[in-house]
Structures are given as structure tokens and as C-alpha cells.
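Step one of this worksheet: look at the structure below.
The values are calculated or read from the model by the stated rules, or taken from the named source; none is laboratory data. In this text, all values refer to a predicted model and were calculated from it rather than measured experimentally. As a convention, Cβ positions derive from the backbone with ideal geometry for all residues, glycine included, and neighbour counts pool all protein chains shown. Side chains included, ligands, DNA and RNA excluded: accessible areas come from the protein's heavy atoms. Shrake-Rupley method; radii C 1.70, N 1.55, O 1.52, S 1.80 Å.
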Amino acid sequence: MAYDEDEQVERLQKWWSENWKPLIGGLVLGIGGIVGWNAWQAAQEREAEAASNLFRNVVEALDAGRTDGATSAREALVADYAGTPYAVAASLRLAAARVEAGELDAAADLLGWARDHTDDPAMAHLATLRLARVRWAQGDADAALAMLDEEALGPFIAVGEELRGDILVAQGQRAEALAAYRRALSGAPPESRELLQQKVDDLADVAEVADA
């Protein structure tokens, strides 16, 4: 069939008249989407930079021994960028300083906030483990023990079982403590096994009865 240029032009004109609106609309939406995406990315980068700067302020204040300054920076971080990992990390760092200062209630509040506001399971597990330590130091062994399960601690379960053993020894529950230490030993990294083995050996009298 011969090529009819006029016919092709006519067909093209007809097709264009029927389809120009959705085509132009798609093009506008496409350009708008690109512009919107770029704007969103730029906003995210600005937010991350601002949150990073506040986190750095927390760390520098703690390194200088200025807990009040660190607290102020962390509060600003939480107020404006609570959804960022920096807010959680700052809470964990400040909680450690509060524990060192013997301010256990403040440390517990910080750790509870970090656990409840992070989207990172590992950070939630770490905050839970540290909060369990603080609860025990506050004298609430039952609350501490209630936090020490695999779902709450994830990859830190071996450390959690060691803490469980320490709490149970302090309560005089030596057989239960031995079982916890053995569970911890089975999942502990090489650098932690020596101390755990010593704790197991310290319960040798219980082990003889349990293994009999």
C-alpha cells in the first residue's frame, strides 16, 4: 500500500485532537511530581542536617560535662525532629549520663521515650535492655525481669539472660539463675564467655544438684 502523507497527517491531527488533554495533563503531573520530589528531598536533607547538628550539640555538651546543655539540646531535638534517629540516639546518650550521675528516674524516662519512639528494632531492643538495668537499680526487680524476653531484646537476648541471672542470684534463686546463665552462655560472643563461665562455676553446688 502506498504511503499517503496527507492521510497520515490527517490521522495524526485527529489523534492529537482526541488525546492532547490527557497527554498535557500527564506531562504537567510528571513535571510537578519531579519538582515535588526534589523539594521533598531538599527538605529531608535540611531536616537531617539540623537534627545532626543538635545531636552533635548533645554529644559535645556531655563530653564537656555540661548535662544541662545536653538536656536543652536534646529537648530541642525532640521538639522539632522527634521522628529522626538522632532524637533516639541523643536520648540514649543522655540516659547513660543520667545513670552515671545516679539520676535513675530521669534515665528511665529517657530510655522509655527512646524505646517507644524509634522505628529501628535494634535501637528499641537496646533501650529496653538498658531500661531493665535501670529498673533493677531502682529496686524493681519484677519490672526488670518482665522486660527480659526474646521479643523485647532480639539480638541482645544473651545479655538479657545474663542480667536475668544476676537478678535471680540477688534474689537467692540460684537454680533459676544457673539456668539463665547457661542460656546466656550458649548465645554469648567469645569475648563474653569467660565471665559468664565464672558465674556458672560460682553456682557449682547448684549445678551438681541440677545435673544429678
- Note on the structure: Scanning the range 94-126 residue by residue, the ones that are over 13 Å from the mean Cα position of the chain (by Cα) and outside any helix (DSSP H, G or I) total 3
- Message: Quick check on my filter: what residues within the range 168-179 are out of contact with any Leu (no Cβ under 6 Å at 6 or more places or on another chain) and not in a loop (DSSP other than H, G, I, E, B)?
- Response: LEU168, VAL169, ALA170, ALA175, ALA179
- Message: Given (1) within 25 Å of PRO121 (Cα to Cα); (2) modelled with pLDDT of 95 or more; (3) surrounded by fewer than 21 Cβ atoms within 10 Å (Cβ to Cβ), identify the lone condition not met by GLU49.
- Response: (2)
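Let me confirm something: among GLY160, GLY187, which residue is within 30 Å of ALA90 (Cα to Cα), surrounded by fewer than 20 Cβ atoms within 10 Å (Cβ to Cβ) and under 25 Å from the mean Cα position of the chain (by Cα)? Working first, answer last.
On the way: GLY160 fails: surrounded by fewer than 20 Cβ atoms within 10 Å (Cβ to Cβ).
Exactly one of GLY160, GLY187 is within 30 Å of ALA90 (Cα to Cα), surrounded by fewer than 20 Cβ atoms within 10 Å (Cβ to Cβ) and under 25 Å from the mean Cα position of the chain (by Cα), namely GLY187.
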- Task: Just need a number here: residues in the range 72-93 that are within 14 Å of LEU126 (Cα to Cα) and either open to solvent by less than 40 Å² (accessible area, probe 1.4 Å) or part of a loop (DSSP other than H, G, I, E, B) (or both).
- Result: 5
- Give the range 100-129 a look and list any residue that's in contact with a Lys or Arg (Cβ under 9 Å, 6 or more places away or on another chain), surrounded by fewer than 21 Cβ atoms within 10 Å (Cβ to Cβ) and closer than 13 Å to PHE156 by Cα, or say none. MET123, ALA124
- Query: Is one or more of the residues making up the range 113-120 touching a helix residue (DSSP H, G or I) at 6+ places or on another chain (Cβ under 8 Å), under 18 Å from VAL88 (Cβ atoms) and among the basic types (Lys, Arg)?
  - Reply: yes
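Among the listed residues ALA132, ALA137, identify the single one that is buried (at least 21 other Cβ atoms within 10 Å of the Cβ), within 21 Å of LEU104 (Cα to Cα) and touching a residue at least 12 places away in the same chain (Cβ under 8 Å).
Numbers: ALA137 fails: buried (at least 21 other Cβ atoms within 10 Å of the Cβ).
ALA132 is the lone residue from the list that is buried (at least 21 other Cβ atoms within 10 Å of the Cβ), within 21 Å of LEU104 (Cα to Cα) and touching a residue at least 12 places away in the same chain (Cβ under 8 Å).
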